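**Student:** Encoded as structure tokens, here's the structure I'll be asking about.
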Amino acid sequence: MRFNLLGILIGCAISSLAASLSLFISINIGKNTIPSLGIILTIILTIALHSIVTPLIYRKFRMKPLFLPTCPYCHSKDKLYYSLAKQPSWPTEEVICAYCSHKLELQYEVLKSKCGHKKGVVRLQLLWPQSWGRWKQLDPIVLSTSERK
Ligand SMILES: [Zn+2]
């Protein structure tokens, strides 16, 4: 899991907005409602706003998600990668697993064509919500003859 200050600030802002909205709704509904309505409404609004608003922010500002994918070759839980690009690249990034040294291509957006895809490099696509980090493996793993033994 990757933590950065900007991600934490975005999460706090979304949660504060959800709490403010639930307070506004609770006050306008009336005082004779369920006492825990504000808390339940805050939780529901926080989840809804995180699911809807944060993916838009993460895509707009090209931020990496909280969770990087598990390496399909070695299944290392540390998810430590080295980037091959000298400058940040978007919407695709080639990385190398720090444990098994296999090259992967991370796609932060849905691409319609395979343009620029190198054969033999496994592509992993980021799914909704893009701020969280759910990944889908697009290519099967093909091991070379020396790796099969
Ligand atoms: Zn690996």
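Computed from the coordinates by the stated procedures, all read-outs in this text should not be read as laboratory data. Keep in mind that what you see is a predicted model, and the values were worked out from it rather than measured. FYI the Cβ positions are ideal-geometry reconstructions off the backbone, even for glycines, and counts take in every protein chain you see.
**Student:** Condition check: without any contact (Cβ under 8 Å) to a residue 24 or more places away in the chain and either within 16 Å of the ligand (Cβ to nearest atom) or under 15 Å from GLN125 (Cβ atoms) (or both). Does ALA85 satisfy that?
**Tutor:** Answer is no for this residue.
**Student:** OK, next. Are any of the residues in region 31-51 touching a residue at least 60 places away in the same chain (Cβ under 8 Å) and under 30 Å from VAL142 (Cα atoms)?
**Tutor:** Looking for residues that are touching a residue at least 60 places away in the same chain (Cβ under 8 Å) and under 30 Å from VAL142 (Cα atoms), one finds none in region 31-51, hence no.
**Student:** Would you check which residues across region 58-69 are within 16 Å of the ligand (Cβ to nearest atom) and free of Cβ contacts under 8 Å to residues at least 24 places away in the same chain and list them?
**Tutor:** Listed by number, the list is empty, since nothing qualifies.
Conditions (1) in a loop (DSSP other than H, G, I, E, B); (2) in contact with a helix residue (DSSP H, G or I) (Cβ under 7 Å, 6 or more places away or on another chain); (3) closer than 27 Å to CYS12 by Cα, marked per residue:
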| site | (1), (2), (3) |
| --- | --- |
| ILE52 | no, no, yes |
| LEU56 | no, no, yes |
| LEU66 | yes, yes, yes |
| PRO72 | yes, no, no |
| GLU105 | no, no, no |
| VAL110 | yes, no, no |
| LEU124 | no, no, no |
| PRO129 | yes, yes, yes |
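**Student:** Please go through region 88-129 and pick out each residue that is within 16 Å of the ligand (Cβ to nearest atom), β-branched (Val, Ile, Thr) and in contact (Cβ under 8 Å) with a residue 24 or more places away in the chain.
**Tutor:** Hits for region 88-129 are VAL121, VAL122.
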